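Structure first, then comments.
The values are calculated or read from the model by the stated rules, or taken from the named source; none is laboratory data. Predicted model, so just to flag it, every value in this text is computed and none were measured. Here Cβ is always computed from backbone atoms with ideal geometry, including for glycine, and neighbour counts include all displayed protein chains.
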Amino acid sequence: YVPIGFGVTVGYHRLFTHRSFKTSAPLRALFAILGSAAVEGPVIEWVAYHRKHHAFSDQEGDPHSPHVGHGHGLRGAIRGLFHAHVGWVWFNDDTAEEGRYAKDLLRDPVVRAVDRTFLLWALAGLALPFGLGVALTGSVLGGLTAMLWGGAVRIFLCHQFTFCINSLCHFFGRSPYATNDESRNLAWLSPFTFGEAWHNNHHAFPTSARHGFGRRQVDFSAVVIGALERLGLVWDVVRIDPERRERKLAAAAAG
């Protein structure tokens with residue numbers, strides 16, 4: 001779960017979508033492969049949808065807003081949360097518009113190669129735990145059990161925590177920064193999403209490699225990026241200086 005999760009949070013999201021840091025071709029390939037194994041979609045499509053979300057966040061055109069077009073009251077809230085969580089995946093009439101929102105990745109031969117072989121990496125994410133299970137137990141049943149927990153359950157958890165960002169983090173929690181949407185920080189969810197649940201912070205500063213600001217805001221993805229930077233494996237890491245954050249907080253408090 002952990003390396004695949006970082007494939008989504010560090011790779012798909014902070015590297016490929018928001019260009020929060022730069023890295024080498026081998027690491028770009030590795031992050032794209034790990035993200036693909038989460039089975040949330042090919043990397044270029046995922047990035048295009050997410051950039052589209054930021055372009056129209058909680059407005060008409062947002063692929064997964066819980067607030068637009070779902071009616072009012074409790075029924076509208078339930079419908080909106082369902083749509084933002086998983087309904088937009090199951091009943092989606094929208095398109096990713098990769099040529100508009102992911103032109104840079106379409107020009108990246110490394111990312112395109114992984115994108116074209118998405119099914120291979122998705123299946124590998126199931127085959128690897130099966131093979132390890134057989135090797136460790138000497139039985140097909142052991143392999144199937146490993147594939148269940150290391151494959152199917154892991155995919156389910158990755159999906160649910162990612163979907164919670166789209167739904168819960170646009171509905172519940174705190175919004176310390178003024179943004180043009182309903183993005184919220186949801187502290188209890190942050191450890192499970194490796195820092196992604198500091199979502200209002202993220203929408204206030206989308207290119208920041210760190211979503212959790214300060215020691216109390218746990219952000220494991222930022223820890224990974226920082227460690228890779230110290231090893232010289234990533235560079236040009238985008239950081240938001242504290243003064244800029246304080247100015248934006250003060251502006252939000254002033255109304």
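For the stretch 199-239, taking the residues that are among the basic types (Lys, Arg) and closer than 20 Å to residue 165 by Cα, the one that is farthest from the chain's Cα centre (by Cα) is identified as 216. In the stretch 210-225, the residue that is nearest to residue 194 (Cα to Cα) out of those that are in contact with a His (Cβ under 9 Å, 6 or more places away or on another chain) and assigned to a helix (DSSP H, G or I) is 221.
Rundown of residues vs (1) over 21 Å from residue 221 (Cα atoms); (2) under 17 Å from the mean Cα position of the chain (by Cα); (3) not aromatic (Phe, Trp, Tyr), yes/no style:
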residue: 147; (1), (2), (3): yes, no, yes
residue: 164; (1), (2), (3): no, yes, yes
residue: 181; (1), (2), (3): yes, no, yes
residue: 186; (1), (2), (3): no, yes, yes
residue: 192; (1), (2), (3): no, yes, no
residue: 197; (1), (2), (3): no, yes, yes
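Hey, can you tell me all the residues within the stretch 88-103 that are at pLDDT below 95 and not in a helix (DSSP H, G or I)? Result: 91, 92, 93, 94, 95, 96, 97. Restricting 20, 36 to residues that are in a loop (DSSP other than H, G, I, E, B), among the polar types (S, T, N, Q), crowded, with 20+ Cβ neighbours inside 10 Å and modelled with pLDDT of 95 or more narrows the list to 20. Looking across the stretch 64-87, the residues that are buried (at least 20 other Cβ atoms within 10 Å of the Cβ) and either in a loop (DSSP other than H, G, I, E, B) or of a type in the set (D, E, K, R) (or both) come down to 64, 65, 66.
Is it true that residue 195 is in contact with a helix residue (DSSP H, G or I) (Cβ under 9 Å, 6 or more places away or on another chain), surrounded by fewer than 22 Cβ atoms within 10 Å (Cβ to Cβ), on the phi > 0 side of the Ramachandran plot and at pLDDT 95 or above? In short, no. Checking each residue in the stretch 162-199 for being of a type in the set (A, V, I, L, M, F, W, C) and in a loop (DSSP other than H, G, I, E, B) picks out 171, 172, 178, 186, 194, 197. Surrounded by 18 or more Cβ atoms within 10 Å (Cβ to Cβ) and closer than 29 Å to residue 127 by Cβ: is that true of residue 49 in this structure? The answer is yes for residue 49. So for the stretch 104-112 (the condition being assigned to a loop (DSSP other than H, G, I, E, B) and free of Cβ contacts under 8 Å to residues at least 24 places away in the same chain), does at least one residue qualify? Yes: one or more hits. Restricting attention to the stretch 175-191 and to residues that are exposed (fewer than 14 other Cβ atoms within 10 Å of the Cβ) and at pLDDT 95 or above, the residue that is farthest from residue 5 (Cα to Cα) turns out to be 188. Residues that are out of contact with any His (no Cβ under 7 Å at 6 or more places or on another chain) and closer than 20 Å to residue 65 by Cα were ranked within the stretch 144-163; the one that is surrounded by the fewest Cβ atoms within 10 Å (Cβ to Cβ) is 160.
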